[in-house]
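Report on one structure; see the data block that follows.
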Amino acid sequence: MKTKLLYTVLLCVCVSGFGQTNLKVTKEDYGYLKLRLENTKAFTIEVIKAMPENDYLYQPTESVRTYTALASHIVYSIEWNIELMKGAPIKWAPGDENRFTKQELISYANDQFDSLIEFIKEAEVSPKLTDKIIDILNHNAHHRGQMITYLRLKGITPPKYR
């Protein structure tokens, strides 16, 4: 069963890359995506917590975001995408991405991941929505990977991947 579901999701990813998603996606598939989002939430929050707060404004060079800004960007993009999927897109206006304390980021991340998971539980299943969820997961992984690199540059062992 898991193998069939994995192939369905992988096929969605491959086909969506060509803009021709015509697959039948079921609510059962969304159970898997919900589980992936819950795991992504837990891992992302672990990464957010891993950097000491006094190093939250760390950035390896001036041309990249700070640690805080990366975390803020991940979470704000979830909020932005939820509104987009609801059909009520908001203007991209993340504000000062360095404004959050560590606890505020953790709380914000919990709230937005929970909102996304709740939205998906209630959403009408469609290939377009599946593509968007996969985009959110990919975007999160990309920036979380940057945060992990920052941790390593500071000599901090990042949380184990899961």
Q: Could you please let me know if residue 91 is over 21 Å from the mean Cα position of the chain (by Cα), more than 28 Å from residue 150 (Cβ to Cβ), assigned to a loop (DSSP other than H, G, I, E, B) and at pLDDT below 95?
A: no
Q) How many residues does the stretch 125-162 contain that are aliphatic (A, V, I, L, M), over 16 Å from residue 60 (Cα atoms) and not in a helix (DSSP H, G or I)? A) 1
Q.
I need a count of the residues in the stretch 42-66 that are assigned to a loop (DSSP other than H, G, I, E, B), farther than 15 Å from residue 154 by Cα and of a type in the set (A, V, I, L, M).
A. 1
Q. Among the listed residues 126, 63, 107, 115, which satisfies the condition of being modelled with pLDDT under 95 and either surrounded by fewer than 17 Cβ atoms within 10 Å (Cβ to Cβ) or touching an Asp or Glu at 6+ places or on another chain (Cβ under 9 Å) (or both)?
A. 126
Q: For residues that are over 14 Å from residue 36 (Cβ atoms) and among the hydrophobic types (A, V, I, L, M, F, W, C), scanning just the stretch 130-162, find the one that is nearest to the chain's Cα centre (by Cα).
A: 147
Q. Taking the stretch 62-109, which residues are of a type outside the set (A, V, I, L, M), closer than 15 Å to residue 137 by Cα and in contact (Cβ under 8 Å) with a residue 40 or more places away in the chain?
A. 73, 77, 81
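Here's the yes/no breakdown for (1) modelled with pLDDT of 95 or more; (2) surrounded by 15 or more Cβ atoms within 10 Å (Cβ to Cβ):
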residue: 4; (1), (2): no, no
residue: 7; (1), (2): no, no
residue: 11; (1), (2): no, no
residue: 19; (1), (2): no, no
residue: 25; (1), (2): no, yes
residue: 33; (1), (2): no, yes
residue: 50; (1), (2): yes, yes
residue: 58; (1), (2): yes, yes
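The values are calculated or read from the model by the stated rules, or taken from the named source; none is laboratory data. Computed from a predicted structure; not experimentally measured. Every residue, glycine among them, receives a Cβ derived from its backbone with ideal geometry; neighbour counts consider all protein chains shown.
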